[in-house]
């Protein structure tokens, strides 16, 4: 089965019948992701995450969300997790869960991130 990763959220998605005609052009897993695309705020968030990882061995994404978004950080956890998925795909950082590197980007539960050495 052919698998791609969404350019917006970073989640993997498989080839579906509705994608048959233009599979090579498909970049997003859903219409929601296609509408959001990569906005300037998301790119700033990725840069912020990489900057925060400079002085530490690993960090919880909730700490990044709290510092980046302030008091509304709980509602903004998914954009932070999506940015982590994109950076993981680019090879900039590693996502770990229970001290093991995740193998699937469809993870659930608490994660930590660390800069790839």
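Here, each number is a calculation from the coordinates, and none is a lab measurement. For clarity, every value in this text was computed on a predicted model and none was experimentally measured. Neighbour counts are summed over all protein chains in view; Cβ atoms, including those assigned to glycine, are modelled from backbone coordinates with ideal geometry.
Observations on the structure shown:
- The value given for the chain is a Kirkwood hydrodynamic radius of 15.0 Å, derived from the mean inverse Cα-Cα separation.
- Remark: relative contact order (the chain) = 26 percent; criterion is Cα-Cα distance under 8 angstrom and separation of 6 or more residues.
- Residues 33, 84, sorted so that the one with the fewest Cβ neighbours within 10 Å comes first: 33, 84
- Extension gain, residue 39 to residue 101, is 19.5 nm, computed as 0.36 nm per intervening residue step minus the present C-alpha separation.
- If R0 equals 25 Å, the separation of the Cβ atoms of residue 77 and residue 3 corresponds to a calculated FRET efficiency of about 0.50.
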